[in-house]
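Student: Dropping the structure in here first, questions after.
The values are calculated or read from the model by the stated rules, or taken from the named source; none is laboratory data. Source: prediction; values computed, not measured. When we count neighbours, we look across all protein chains shown, and the Cβ atoms used for this are built from the backbone with ideal geometry, even at glycine.
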Amino acid sequence: MPKKDPYASLRFKEFRYFLILRFALIFAWGMQFVVIEWEVYSLTKDPLSLGLIGLAEVIPAVSLALFAGHYVDKLEKRSLLQKCILGFLIISTGLFLLTWPLVNQNFSVQLTLILVYVLVFIGGIVRSFLGPTVFSLFSLIIPKKHYPNGATWSSGAWQMGAVLGPAVGGLTIGWIGVHWSLLVIVGFALIAFIALLFIESKPILNAAKDEGVFKSLKEGLTFVFKTKEVLGALSLDMFAVLFGGAVALLPVFAQDILKVGSMGFGFLRAAPAVGSFLTILTVTYFPLNKNAGLKLLAAVFGFGLCIITFGISEIFIVSLVALFFSGVTDGISVVIRQTILQLKTPDNMRGRVASVNSMFVGSSNELGAFESGVTAKLMGAVTAVVFGGSMTCLIVLVTGVVSPKMRKLDFSKDLEDNDLE
């Protein structure tokens, strides 16, 4: 048996540039969201205005996702990703100009807000194409036998960007202000665009040139719902986020239950991301290919237990550790889910399957925050979090019982077959 190489996918030059552009995009997107939130709330002092930011982005991102997947499968991935990054550059540059005092002083607060929401809405359209395009390009850069290793590094780049982007955004607002923080975002978008120049154009693998849009969408949805491993992975992801959304209630726990103030809140907010990122790095050395299905079920079940522990804890260090391990278990499930999607999805359907995935993930994030808020209002924050963690565990048990394919899932055979090709 050949020796496992934790850096196998990194030995491909294009994949290294792919990681750079993925990190830069996620960093810029996360930083931009934080900076926009700060500016909008500074202008309005109305929490509802913050909710409208998420709504403005998620409506086009989710509603256009399936159509975006259809066109991603039909078009050349590198050039489409170039257009997505250019779209993001236009949006970030527009926000930079909008916050320029020479421009902003001529606008009313209401007009400024409208323009911000319009740019965020356009960003949602870009996002609907961006996710499926990145997912599809990944599979064209490295051989299939390296997908698990590549998915680990790709998830690590995503997680690092998701952690550092918002954190840097919060710091630069205080250091250089909103306006110049947005220029930093423009810079990271440019880095992503430049990295993409080092990746060559790729072949279009969807041969059905005359296929109608709705027939194409139906095929994509049919594939997802017929392929039990893919459907199980997406469902576990959706319900874990939907019911395990303790992060949405962290301000309540920090202020009213643990009484640790803003500093403690910052540590609580960072703990899951740190746990997830460290796990993803560790997995590069200890692959999860064997008995992957059981490991995924165990990881999501463990995530639910961590959420329950966090909900009942009244001790800060216990809550912090629980959130850290919720990130550890989530990191394991992220790597396995991404590997399932890469290995089980046919090349000619990657865009559509990735679009279904983005709908599951995108909607569950928004609905998870909503669910947490509603249940906290009805039954209190502690009960709401414990309920959510319990539901996550229950869903894992049900999935394990009704989906034997998920229990028996093992990547080792798939990878051995690809070694023989």
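Student: What are the residues in the range 369-384 that are aliphatic (A, V, I, L, M) and either crowded, with 18+ Cβ neighbours inside 10 Å or at pLDDT below 75 (or both), if any?
Tutor: The initial filter retains those residues of the range 369-384 that are aliphatic (A, V, I, L, M), namely 369, 374, 376, 378-379, 381-382, 384.
Scanning the range 369-384 gives Ala369, Val374, Ala376, Ala381, Val382, Ala384.
Every residue, every condition in (1) within 20 Å of Phe15 (Cα to Cα); (2) in the same structural domain as Leu75 (by TED's automatic domain parsing), yes or no:
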site: Ala151; (1), (2): yes, yes
site: Leu164; (1), (2): no, yes
site: Ile185; (1), (2): no, yes
site: Lys218; (1), (2): no, no
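Student: Look at Ser412 and say whether it is among the polar types (S, T, N, Q) and either under 22 Å from the mean Cα position of the chain (by Cα) or at pLDDT below 80 (or both).
Tutor: Numbers: among the polar types (S, T, N, Q): yes; either under 22 Å from the mean Cα position of the chain (by Cα) or at pLDDT below 80 (or both): yes.
It is true that Ser412 is among the polar types (S, T, N, Q) and either under 22 Å from the mean Cα position of the chain (by Cα) or at pLDDT below 80 (or both).
Student: Quick one: which of Lys295, Lys290 is outside any loop (DSSP other than H, G, I, E, B), surrounded by fewer than 23 Cβ atoms within 10 Å (Cβ to Cβ) and in the same structural domain as Val241 (by TED's automatic domain parsing)? Step through it out loud before you land on a result.
Tutor: Numbers: Lys290 fails: outside any loop (DSSP other than H, G, I, E, B).
After applying the criteria, what remains is Lys295.
Student: Could you please tell me which pairs satisfy a Cβ distance under 6 Å, a separation of 6+ or placement on different chains, a first residue in the range 138-153 that is of a type in the set (Val, Ile, Thr), and a second residue that is at pLDDT below 90 and not in a helix (DSSP H, G or I)?
Tutor: Matching pairs, first to second residue: Thr152/Thr284.
Student: Look through Ile141, Ile173 and report the one residue that is within 27 Å of Trp38 (Cα to Cα) and β-branched (Val, Ile, Thr).
Tutor: Details: Ile141 fails: within 27 Å of Trp38 (Cα to Cα).
Going through Ile141, Ile173 in turn, just one is within 27 Å of Trp38 (Cα to Cα) and β-branched (Val, Ile, Thr): Ile173.
Student: Counting residues that are buried (at least 18 other Cβ atoms within 10 Å of the Cβ), which helices (runs of 4 or more DSSP H) fully inside the range 19-125 reach at least 3? Show your work before the answer.
Tutor: Numbers: elements: 47-63, 65-74, 77-98, 101-104.
Where helices (runs of 4 or more DSSP H) fall fully within the range 19-125 and carry at least 3 residues being buried (at least 18 other Cβ atoms within 10 Å of the Cβ), they are 47-63, 65-74, 77-98.
Student: Identify all residues within the range 25-83 that are farther than 30 Å from Thr222 by Cα and among the basic types (Lys, Arg); write none if there are none.
Tutor: Passing the criteria: only Lys45.
Student: Going by the conditions given, is Lys259 modelled with pLDDT of 70 or more, outside any helix (DSSP H, G or I) and in the same structural domain as Val300 (by TED's automatic domain parsing)?
Tutor: Values: modelled with pLDDT of 70 or more: yes; outside any helix (DSSP H, G or I): yes; in the same structural domain as Val300 (by TED's automatic domain parsing): yes.
The answer is yes for Lys259.
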